[in-house]
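Report on the following structure.
The values are calculated or read from the model by the stated rules, or taken from the named source; none is laboratory data. Everything quoted here is computed from the prediction, not taken from an experiment. SASA here: full protein model, heavy atoms, side chains in, ligands and nucleic acids out. Shrake-Rupley method; radii C 1.70, N 1.55, O 1.52, S 1.80 Å.
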Amino acid sequence: SPYGRRRDKIRIMVDILLEALEGANKTRLVYRSNLNFSSLEEYVKFLVSRGLMEVVEGRERCYKTTEKGVEFLKTYKKLEEMLGGGIIE
């Protein structure tokens with residue numbers, strides 16, 4: 001495509017969850033996911049509502065991938081491997 005590769009929504013969620021494995025603030029998630037703050041907010045809300053990510057209140061608000069989120073990442077990786085890797089961009 002002349003517009004380059006468009007990541008699908010699942011890949012964006014994977015990127016966010018990978019960055020949040022050890023906990024990450026919103027700025028780090030914006031850079032990792034290559035989204036603006038308002039788009040990121042939508043994804044974060046969705047991931048938190050599904051129990052894949054949690055909000056950790058502290059000195060500064062932080063987002064962390066939950067156990068369920070880690071399971072999601074493992075399942076995604078298995079799917080990629082089953083499809084020959086790199087098919088899902």
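Things worth noting here:
- Estimated from helices alone, the mean residue ellipticity of the chain at 222 nm is -16500 deg cm²/dmol (sum of -39500 (n - 2.57) over DSSP H runs with n ≥ 4, per residue).
- Rg to Rh, two decimals, where segment 39-89 supplies the alpha carbon set and Rh follows Kirkwood: 1.10
- With protein chains left intact and a 1.4 Å probe, residues in the chain average 69 Å² of accessible area per residue.
- Of all accessible heavy-atom area on the chain, the percent that carbon and sulfur account for (1.4 Å): 54
- Under 5 Å, built H, 5+ apart or other chain: amide partners of Gly23: Thr65
- Whether segment 28-67 is rounded, prolate or oblate, judged on the alpha carbon gyration tensor where a/c under 1.5 counts as rounded: oblate
- Segment 1-84 - convex hull of alpha carbons, volume per residue in Å³: 99
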